[in-house]
Each structure stands twice: as C-alpha cells, then as structure tokens.
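Some notes on the structure that comes next.
Only the coordinates and a few stated rules stand behind these numbers; no lab work does. Because the structure is a prediction, the values reported are computed rather than measured. FYI the Cβ positions are ideal-geometry reconstructions off the backbone, even for glycines, and counts take in every protein chain you see.
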C-alpha cells in the first residue's frame, strides 16, 4: 500500500482509520507528557 493511498483514505477500513486516529492521539499525548515532565530540564538550557 502506497503512502498516498493511505493518506487519501479511500481504501481504509473503519478499524484502520480508528487505529491511525488513536495512534496519533496517543503520540500527541505522550509528547505533551514528555514536555511537562522535562520542562525543568528545558528551562535550564535557556
């Protein structure tokens, strides 16, 4: 499956779309949690 076919979404099933959605959601939440946990480290660098 080509990347363009995935991004167009025409050939995605409902389960695949849900998996991609929650995958991105979890990735965003983990990135936010990481930034919160290490905000003191980032402040020390500035």
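Using only the alpha-carbon atoms, how far is helix 14-37 inclined from the longest principal axis of the chain? Give it as 0 to 90 degrees, nearest 10. Approximately 10 degrees, to the nearest 10. Candidate values (1) 18.4, 60; (2) 10.6, 30; (3) 16.5, 47 were compared with Rg and Dmax of the Cα atoms in Å computed on the shown model; the agreeing label is (3).
Spin-label model, residue 44/residue 31: points 7 Å from Cα along the beta carbon direction are separated by 2.5 nm. When shorter helices are ignored and each DSSP H run of at least 4 residues is given -39500 (n - 2.57), the per-residue value for the chain at 222 nm works out to -25000 deg cm²/dmol.
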